[in-house]
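Novice: Take this structure, written in structure tokens, and hold onto it; I'll ask about it next.
The values are calculated or read from the model by the stated rules, or taken from the named source; none is laboratory data. Being a predicted model, the structure only gives us computed values, none of them experimental. Here the Cβ positions follow ideal geometry from the backbone for every residue, glycine too, while neighbour counts run over all protein chains shown. Protein only, heavy atoms only, side chains kept; ligands, DNA and RNA dropped before computing areas. Shrake-Rupley method; radii C 1.70, N 1.55, O 1.52, S 1.80 Å.
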Amino acid sequence: MNKLFKILVGLFIGLGVGSGVMTMTSCASAPQVNTPSAMTYNYARLKLLDLDQMSDLIQKRVQGYKRTDNEELMQEALELCLSRPDEDSMVEKLIDSVRFNASSEAAWEQWVEAAVEKSIAQLKNETTPAVDQVTYLILLENLIAQFRPEFLKQWEAPQFESEVIEKIAAAELVVSDAAVSERRLNLMETQRSPSRVAQDLIKEREQANTPPSRR
């Protein structure tokens, strides 16, 4: 009886240790959880909002700016406007609310430059969550699309739109695998680098203004 008891105790301890090892192994091999967004309004949240809801978000910041002269509110308004996927061409309907409420053209340009610099910095930061990477990519894409008509006209006299697009082109942004997967999963779209988009636009303008004999 005593011998049988010792055998049972040994088996129990053995199973307990084995179970512990299995549990530790299982935890170690578990897939990593995606880093959550650091943004209050990322592209995934903004894409769910309709025109009235987007207008309300932007107007609250515009009105706050008028009361306080707080430039950060208009910076937020611009980023909100540009960070929403634009399949329904909503950006064009919203962006004038930001631009034409600026105290000056210099203020508008300052907000745009800050949004571009912030986006480039976050896209070059390897710790930026994938959902936020896609948000900044969309911001730059939408800005390029909005500036495209004026940019194509600025062949002989480059102006602000040209400076912005050339800056995005020169950034040589590389889209991460995580951002590609994020966009494919949630938007069913492929993801191009905004730098490549800007570079192609520069080539398009050059070709349009090059005499046929020199092409």
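Novice: Please enumerate the residues belonging to segment 71-104 that are assigned to a helix (DSSP H, G or I), open to solvent by 20 Å² or more (accessible area, probe 1.4 Å) and in contact (Cβ under 8 Å) with a residue 40 or more places away in the chain.
Specialist: First, pick out the residues of segment 71-104 that are assigned to a helix (DSSP H, G or I): 71-83, 91-99.
Narrowing the set further to residues that are open to solvent by 20 Å² or more (accessible area, probe 1.4 Å) leaves 71-73, 75-76, 79, 92-93, 96-97, 99.
If the condition is that a residue be assigned to a helix (DSSP H, G or I), open to solvent by 20 Å² or more (accessible area, probe 1.4 Å) and in contact (Cβ under 8 Å) with a residue 40 or more places away in the chain, then 71, 75, 79, 92, 93, 97 are the ones that fit.
Novice: Could you pull out the residue among 113, 87, 76, 109 that is modelled with pLDDT under 95 and either among the charged types (D, E, K, R) or in contact with a strand residue (DSSP E or B) (Cβ under 8 Å, 6 or more places away or on another chain) (or both)? Give the derivation first.
Specialist: On the way: 113 fails: modelled with pLDDT under 95; 76 fails: modelled with pLDDT under 95; 109 fails: modelled with pLDDT under 95.
Only one candidate qualifies: 87.
Novice: Same structure, new question: Filtering segment 31-70 down to residues that are within 19 Å of residue 116 (Cα to Cα), of a type outside the set (S, T, N, Q) and not in a helix (DSSP H, G or I), which residue is most open to solvent (accessible area, probe 1.4 Å)?
Specialist: Among them, the one singled out is 38.
Novice: Quickly run through segment 131-153 and pick out the residues that are open to solvent by less than 20 Å² (accessible area, probe 1.4 Å) and at pLDDT below 95.
Specialist: Listed by number, the list is empty, since nothing qualifies.
Novice: Of the conditions (1) closer than 20 Å to residue 109 by Cβ; (2) open to solvent by 20 Å² or more (accessible area, probe 1.4 Å), residue 194 clears all except one; give me its number.
Specialist: The number of the failed condition is (2).
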